[in-house]
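The structure under discussion appears below in the form of C-alpha cells.
The values are calculated or read from the model by the stated rules, or taken from the named source; none is laboratory data. What you see is a predicted model, and the numbers here were worked out from it, not measured in a lab. Heads up, the Cβs are rebuilt from the backbone with ideal geometry, glycines too, and the neighbour counts pull from every protein chain shown. Only protein heavy atoms, including side chains, enter the accessible area calculation; ligands, DNA and RNA are left aside. Shrake-Rupley method; radii C 1.70, N 1.55, O 1.52, S 1.80 Å.
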There are 2 protein chains.
Amino acid sequence: MANPVLPSSGVLSPLGLDSVRLAAGFWGDRAALNRDVTMAHCQEWMEREGWIGNFRGQRPRRGREFSDSEIYKLLEGMAWADHPALPELAETVGRAQEGDGYLNTRWSGNRYTDFEWGHELYCYGHLIQAGVARLRTHGEDRLTEITLRAADHVCRRFMDTTETCGHPVVEMALVELYRATGAERYLEMARRFVERRGLPALGDIPFGRAYFQDDLPVRQAQVFRGHVVRALYLASGVVDVAVETGDEELLKTVEAQWERTLTRRTHLTGGMGSRHADESYGEDFELPPDRAYNETCASIASIMLAHRLLLATGDVRYAEVTERTMYNMLATGVALDGRSFFYANPLHVRVAAAPPEGVNHAAEGSLRSQWFDVSCCPNNIARTLASLGAYVAAADSGGVRIHQHTPAEIRHGELALRVETGYPWSGGVTVRVLEDGAGAVSLRVPSWASGATLSAGSGPARPVAPGYATAQGPWRAGDEIRLELPMEPRWTYPDRRIDALRGCAAVERGPLVYCAESVGDEPPLAHLTVRAPVPPAEVPSAEEDGTAGGEAVELEVAAVRAAPRGNGWPYGPEPDQVSGGADTVLRLVPYHRWGNRGPATMRVWLPVAE
Amino acid sequence: MANPVLPSSGVLSPLGLDSVRLAAGFWGDRAALNRDVTMAHCQEWMEREGWIGNFRGQRPRRGREFSDSEIYKLLEGMAWADHPALPELAETVGRAQEGDGYLNTRWSGNRYTDFEWGHELYCYGHLIQAGVARLRTHGEDRLTEITLRAADHVCRRFMDTTETCGHPVVEMALVELYRATGAERYLEMARRFVERRGLPALGDIPFGRAYFQDDLPVRQAQVFRGHVVRALYLASGVVDVAVETGDEELLKTVEAQWERTLTRRTHLTGGMGSRHADESYGEDFELPPDRAYNETCASIASIMLAHRLLLATGDVRYAEVTERTMYNMLATGVALDGRSFFYANPLHVRVAAAPPEGVNHAAEGSLRSQWFDVSCCPNNIARTLASLGAYVAAADSGGVRIHQHTPAEIRHGELALRVETGYPWSGGVTVRVLEDGAGAVSLRVPSWASGATLSAGSGPARPVAPGYATAQGPWRAGDEIRLELPMEPRWTYPDRRIDALRGCAAVERGPLVYCAESVGDEPPLAHLTVRAPVPPAEVPSAEEDGTAGGEAVELEVAAVRAAPRGNGWPYGPEPDQVSGGADTVLRLVPYHRWGNRGPATMRVWLPVAE
C-alpha cells in the first residue's frame, strides 16, 4: 500500500498510489512537473549549497542545523515517485551514520546537547518518513536499513527519558514506521514523545514555550498555537497515536483544537500563520492579509493533519479544507516552471519587488525564489506532490469516496474508475466505470456547491446537497456517473472580528480564491475599490495555462478608480471617502497563479466602494 | 549650557536645563518620578542581571553584546539629573577601559571582529553622549576622562578605514562631543561614518542591508527604512553633520526622508515601526494597529530627530510631532509607578495577558514589564525624561518660543517667565512674566487648535492661527500672556491607503490619542462599534491621576453592542453587518494611561457602525 498514512482503524481507509493514478490535469500535470523538474532542481541546489556534501564529511559543514532533513524530504519524494536518483543519494546519507545508528551531520560528536534548537529528532522524523515511503513502494533496501537503525537508536536512547525535540515530526513518523513494520516499540516511543510534551519537556526560550507547543500538555490545549509547522506536525502525530491506541478522547481534543484554529486562525486560502517573527499563529482573528505568513510548509502540514482527521472521522469537511489548501496554498507555493517557490504566502503585496538572484534570505518578495536560506518548502512540496494521489480518494466498507476531483484512475475492490474533469476550471466531473463490478461511488460536493446535480448511467440528473453524492452499483463497464458543480464566481465577506479585512470582500470561484494582480502596479491597486456585490464576469485567460488542466478562468469585477486624498499627515477629521472616481474594470486571476508574470502588487481582499 | 543638542547654527537656539526648569505638572512630575524612582530601578536591575558586574571583570560575562550601552544611557540620565550615584558607577565603568582607550566588556580580546552585530561603536556612542552630558552639567571628571579617551581611540582606529557600526548612534555622539570640546576630529570622524555608510560598509545579513541603512548612501535614500531606532539615530547624526558642515543639501535630504516617513510610515500616536521580526518600518501605509511595533526607543529617537530638525529649520511642525510623540509614546512607555515599561506600543491588544514576573523575554503583553532581555527602553526613558526640559522652548534673535506647554520656569536674556497650565487636561496656558524686560514670547498653536486665542496683559483675546502666537514686550513683572486652546474631543479618520484601519475612527483630544480599554475584556471590545461622528462627551476620570498635572479627562462615545455572526468558517457570502445591536456607551481613556489597571484588552481605532 503506497500510502503516507495507513491507519489500522478509522471510518475511512486510504487509497494509495497503487490504487489512484493521477492522469493529465491540474494535479497530474503538477505531479509530473514535480518528478521531472522540481526534484532535480532541489537536488542540484542542495549539492551547490553543500547540504549533501555534509554527508560526505565535508569540512566545514555547511547549512543550517536542520539541513539533513531537507535531503530526507527529497528522498521521501523520490521514494513515492520511484525516482532513479534515490539509491545513490541514500548511499551518500548512509555514509554519515554511526555504529549505533546515530545520524546527524551537525551534532555528531556533540549529541543531544540542544533539544530546543538542535533538530536531531526532527531530522530522524523526516528520515523515517522517507524510509516508510521506500518500504511501501519498493521494499527493503539501503534507505530502509538506515532508517530502521536510526529509529532503533531513537527508541533505545529516548524510551525512558523525559526529553523531546523542539520541532515535532518524529511522532507521526514513528507511528507510521510501526504501521509499516508492526514493531510496537515505535508506537510506544511516539506515544511517550506526545505525552511528555508540555510537562514541560524543554527549556524556556525567548519566543516562549508555546513556540514549540511545550507550554501545555497536548490534552489541555484548546487551540493550535506557536510555530505553525511545529503545531500541525505535532497534531498529526497526536492523531496517529490516538488512532493506534484507540484513545477517543485524545482524538476529540485534536478535533476541537482544529475547529477553533480553522474558524479563528485561518486565512481564506487555507493558509495558517500570521506572524513573521516566530512563524506563528497570532491570536484569534489576527489575520492580516499583508503580513500573513502562511508558510508553504504549514499548508502541507495542514493537509497532512486534515487527511488524518478525515480518515479517522469520515467528516467530509476535512476534505474540503484539504481542497482549499491544495488549490490556494500548495499550488501557489511552486511556480508554473517548477523551479521557484514561495515561502510565505501573503494575501496582499504592496510593492512589486523581484527576489534576489540565487538564494533568497527572506521569505518575502513578489516573485517566487529558486532557493532560500531555510529551504524547507521546496523539498516539502516535492514530497507532497509526489504522494498527492493518496489524498484523492478513500474507501469505506461500501465502496469508494472521491474527495478531490481531478483526472485519475481509481481501483479498489471491484471498482475500476476513470475520473475525467476540467475542474477547477469547469464544474463537470465524469466518473467512467472501466470494468463490471459492484460498490458505491461517492463524490464529494463542496459546501459552496449549492445547486449541484448527480446523474448515473442514463438516469436523470438529481439535485445533491453538500456532503457526499452517492451512486450505488452494480456497474457495467462503460457506465458513467456525472457530477455537475455550479462554478459561478461568488463574493465572500469576512467575519467582523477580523479587523484587518474590515470593509473588504474577496472573490472565489469553485475551490479557487482569486486576486487582483497589478504587474508593474498599473493600475495602482491602492486607487481601486470594487462594486461588490455586482457579479464578477468570467473572461478567457490572457495567457496559456501551461498545464493540460483546462483553460484557466480569469474574472472581471466592476471597480472605481479614485486617488486617495492628499499626501500630508495621513489622519484627518473627515472620512477618506471614495468620491468622484471613474468606473473601471478590475481583472482577477486565480491566487495560485499570481507572481508568474514578473514583479507585481497583489491583493485578495478588495476594498468595497461605499 | 545643559543641553543634549547644541548646534553652532540654525534658525533656533536650544534652551537647556539651565534655562528651563520643569515645575509640578504633567512632565515635571514624570521627570521627578524618573529621578527619584526609575533611575534606581534601572541600576538595581542592571546589577541583578550582571550587566554592571561585567565592568568589574565578572566571569562569565552576562547579558547581550550591547549591554554596556545600557549603563551608559543610565549614566547620561544621571548626568542630566545630577544624580548622586553617577561618580561610583562611572568609576566602575572606567575599570574596564584598556590602555589605548578601548572599552567594551564583550569584545575585549576580540576587538572589531563583527561590525554587523558587535555594537562596539554603538556602545561608544552612548558613552560619549553620557560624557557630553556630564561635561555640560558638571565639567570634567572621571566620566568625561573615560569618554575622551574612548573617543580618541575611535578616531585613531577608524578615521582612515571604510568601516562603520551596524547600529548608528556614534555619529550624533561625536558631533556633540565636537560641539562640547571644539575638537574638529570628532566632527570629521562623524562625517566619515555618515558618508561611508551604504557604499556599502557592512556585510550582508539575512534581514538585508536596509536593516542597518547600509543599502544606500544616505544622500540617495528617499525614506527611513529598516530597523527604526537605527534609522532615526542615523538621521539625527546626519542632521548634526549637515548643520556643522553647512551642508544644506544633506539637511534637505533628511527633511524629505522624514516627510515621507511621517506621512506614510507613522502611527497616530507618533509611533514608528510596523514589523516585529526585524523591528523595522514596513512599506508605505503598512500600519497595523495590532502588530504595530512602535518601540519606545524608536519614539525617543523620533523626538531626538524632530528636535534637531526644529532647531535647524524653525519649522514648528517638528515641535508638533514631538508633542504627539511625547504624550502618546514617551508617556506610555513607563507606568505611573515609574518601575515598569512597555517595549512595543501597539494600538490594539486582543488578549488581556499579564507579563511574566521578572524579566519579560518578549516586547509584548497588556501590562508593562519591570525588565526585558533587551532592556534598552527603560534606560532610554530615564535619560530622556531627565533632559526633557531641553525640549520645551527655544530661542531666536527676538525672544523665546515655547514649544511644549507644561508648567516650567524659563529664563533667556531679559525674559524670565513662568508657565502655568493644566495642559493637556485643560487648554489654558498662562505665561507669567517674572521680571521687567524685553523680548518676544511665542507660544506654539497646534494644527488641531482651530479657534485658539491669545491675550497679553489687559488686552483683549485675539484669534490666533496654528503656528506661533506671539506677544511682543516690553514686559513688566506680573504681566500675563494667556493662550486658550480649544480642547473639544475630535474624531479622526485614516487615509484610505492604510488598509488595516479601514472602517475605523479614533478619538483625540488636544495632543492626546484616546483608546478603549476593557479591563478583563468586559465588555468585549470585539462586540462594539461606535457611532462616529456623534461627539464624544467628557467625563471625570474614574481614578486618581497620580500626578499633579490636573485631573485626567476620560471620554464616552456612543456605541452599539452586537455579537458577531456565528463561530463557523469566518468567511461567508453576506457582509457581517452590525444589526439589532443594543445602544451603549464606551469609555475611552488616554492611550498613555492604558495598562495601569490590570490585564486588559485595548483599541485605539474603533470600528464605525454602518
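The residues in the stretch B:460-482 that are part of a strand (DSSP E or B) and of a type in the set (A, V, I, L, M, F, W, C) can be counted, and the count is 4. Checking the condition touching a residue at least 24 places away in the same chain (Cβ under 8 Å) and open to solvent by 10 Å² or more (accessible area, probe 1.4 Å), which residue from A:Tyr327, A:Tyr343 passes? Being touching a residue at least 24 places away in the same chain (Cβ under 8 Å) and open to solvent by 10 Å² or more (accessible area, probe 1.4 Å) holds for just one of A:Tyr327, A:Tyr343, which is A:Tyr343. Within the stretch B:439-459, track down each residue that is outside any strand (DSSP E or B) and either modelled with pLDDT under 95 or polar (S, T, N, Q) (or both). B:Ser447, B:Ser450, B:Gly457, B:Ser458, B:Gly459 - these are the residues of the stretch B:439-459 that are outside any strand (DSSP E or B) and either modelled with pLDDT under 95 or polar (S, T, N, Q) (or both). Counting the residues of the stretch B:365-396 that are more than 27 Å from B:Ala23 (Cβ to Cβ) and either touching a Leu at 6+ places or on another chain (Cβ under 9 Å) or polar (S, T, N, Q) (or both) gives 4. Whether any residue in the stretch A:364-380 is open to solvent by less than 30 Å² (accessible area, probe 1.4 Å) and within 24 Å of A:Gly478 (Cα to Cα) is what I want to check. Within the stretch A:364-380, none of the residues are open to solvent by less than 30 Å² (accessible area, probe 1.4 Å) and within 24 Å of A:Gly478 (Cα to Cα).
Those strands (runs of 3 or more DSSP E) of the stretch A:483-537 in which 2 or more residues are within 25 Å of the chain's Cα centre (by Cα) and within 10 Å of another protein chain (Cβ to nearest Cβ) occupy A:490-494, A:504-509. Where the second residue is outside any strand (DSSP E or B) and aromatic (Phe, Trp, Tyr) and the first is under 10 Å from B:Ser518 (Cα atoms) and lies in the stretch B:582-610, which pairs have Cβ atoms under 6 Å and are six or more apart or on separate chains? From the stretch B:582-610, the pairs are B:Met602/B:Trp594. Would you say A:Val464 is under 23 Å from A:Asp18 (Cα atoms), surrounded by 19 or more Cβ atoms within 10 Å (Cβ to Cβ) and over 25 Å from the mean Cα position of the chain (by Cα)? Against the criterion (under 23 Å from A:Asp18 (Cα atoms), surrounded by 19 or more Cβ atoms within 10 Å (Cβ to Cβ) and over 25 Å from the mean Cα position of the chain (by Cα)), A:Val464 does not qualify.
With the structure loaded, tell me whether A:Ala537 is among the hydrophobic types (A, V, I, L, M, F, W, C), surrounded by fewer than 16 Cβ atoms within 10 Å (Cβ to Cβ) and at pLDDT 95 or above or whether it fails that test. Against the criterion (among the hydrophobic types (A, V, I, L, M, F, W, C), surrounded by fewer than 16 Cβ atoms within 10 Å (Cβ to Cβ) and at pLDDT 95 or above), A:Ala537 qualifies.
Kindly provide the set of residues from the stretch B:366-385 that are part of a loop (DSSP other than H, G, I, E, B) and within 11 Å of chain A (Cβ to nearest Cβ), ordered by number.
Across the stretch B:366-385, the qualifying residues are B:Asp373, B:Val374.
Determine if the stretch A:23-38 includes at least one residue that is in contact with a Lys or Arg (Cβ under 8 Å, 6 or more places away or on another chain), closer than 24 Å to A:Leu121 by Cα and surrounded by fewer than 24 Cβ atoms within 10 Å (Cβ to Cβ). So far as the stretch A:23-38 goes, no, none of its residues is in contact with a Lys or Arg (Cβ under 8 Å, 6 or more places away or on another chain), closer than 24 Å to A:Leu121 by Cα and surrounded by fewer than 24 Cβ atoms within 10 Å (Cβ to Cβ). One residue stands out among those in the stretch A:449-460 that are open to solvent by 60 Å² or more (accessible area, probe 1.4 Å) and within 34 Å of the chain's Cα centre (by Cα): the one that is nearest to A:Arg432 (Cα to Cα), which is A:Gly451. Across the stretch B:123-173, the number of residues qualifying as closer than 28 Å to B:Asp18 by Cα and among the basic types (Lys, Arg) comes to 4.
Applying the criterion of being open to solvent by less than 10 Å² (accessible area, probe 1.4 Å) and in a helix (DSSP H, G or I) to the residues of the stretch A:386-418, the residue that is nearest to A:Arg30 (Cα to Cα) is A:Leu388.
Results for (1) among the small types (Gly, Ala, Ser); (2) open to solvent by 10 Å² or more (accessible area, probe 1.4 Å); (3) in contact (Cβ under 8 Å) with a residue 60 or more places away in the chain, shown as yes or no for each residue.
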position	(1), (2), (3)
A:Ser108	yes, yes, no
A:Arg111	no, yes, no
A:Gln129	no, yes, yes
A:Leu135	no, yes, no
A:His138	no, yes, no
A:Arg156	no, yes, no
A:Pro168	no, no, yes
A:Tyr178	no, yes, yes
A:Thr181	no, yes, no
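When A:Ala563 is tested against (1) over 25 Å from B:Arg260 (Cα atoms); (2) part of a loop (DSSP other than H, G, I, E, B), just one condition goes unmet, and that condition is (1). Condition (residue is under 21 Å from the mean Cα position of the chain (by Cα), among the acidic types (Asp, Glu) and open to solvent by 10 Å² or more (accessible area, probe 1.4 Å)) applied to the stretch A:64-82: is it met by at least one residue? Among the residues of the stretch A:64-82, at least one is under 21 Å from the mean Cα position of the chain (by Cα), among the acidic types (Asp, Glu) and open to solvent by 10 Å² or more (accessible area, probe 1.4 Å), which makes the answer yes. From the list B:Val513, B:Val464, the one residue that fits, being of a type in the set (A, V, I, L, M), out of contact with any His (no Cβ under 7 Å at 6 or more places or on another chain), touching a residue at least 12 places away in the same chain (Cβ under 8 Å) and farther than 19 Å from A:Trp569 by Cα, is B:Val464.
Here B:Ala331, B:Ala335, B:Ala354, B:Ala363 are screened, and the one residue that is among the hydrophobic types (A, V, I, L, M, F, W, C), within 11 Å of chain A (Cβ to nearest Cβ) and on the phi < 0 side of the Ramachandran plot is B:Ala363. Yes or no: the stretch A:580-591 includes at least one residue that is at pLDDT below 90, under 27 Å from B:Arg265 (Cβ atoms) and within 14 Å of chain B (Cβ to nearest Cβ). Yes, the stretch A:580-591 has at least one match.
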